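Asks: Let me give you the structure first, and then I'll get to my questions.
Derivation of every value follows stated rules applied to the coordinates shown; laboratory data play no part. What you see is a predicted model; the values in this text were computed from it and never measured. Glycine also receives a Cβ, built like all others from the backbone with ideal geometry; neighbour counts cover every protein chain displayed.
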Amino acid sequence: MISKIESQQVKSLLQDPRWRTIERIVDLYSDRVQNESSMRDSQWETVRETILKEGRTRGVRELIQELYDIAQKENV
């Protein structure tokens, strides 16, 4: 569990106009990862690579969502 001060810091960070730059970088990263070829030497390696790519982008987006959830709880 994070402290009240940490929660307030997250909220402040998300309200900072510079946060949009981070969101833009996340979008560019996600696009770049998704546009990478998943084709490998076998169908199983291709499936594995496809799943790994999805995991990479999903993990970053889940982290961003967690930050928004923390900030939202700060409002309650």
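Asks: Roughly what percent of Cα-Cα pairs across the chain reach past 14 Å?
Replies: Result: 68 percent of Cα pairs exceed 14 Å.
Asks: How big is the charge dipole of the chain about its Cα centre, in debye rounded to the nearest 20, if each Lys and Arg gets +1 on its Cβ and each Asp and Glu gets -1 on its Cβ?
Replies: Details: 13 positive and 14 negative charges, 36 e Å.
The calculation lands at about 180 debye.
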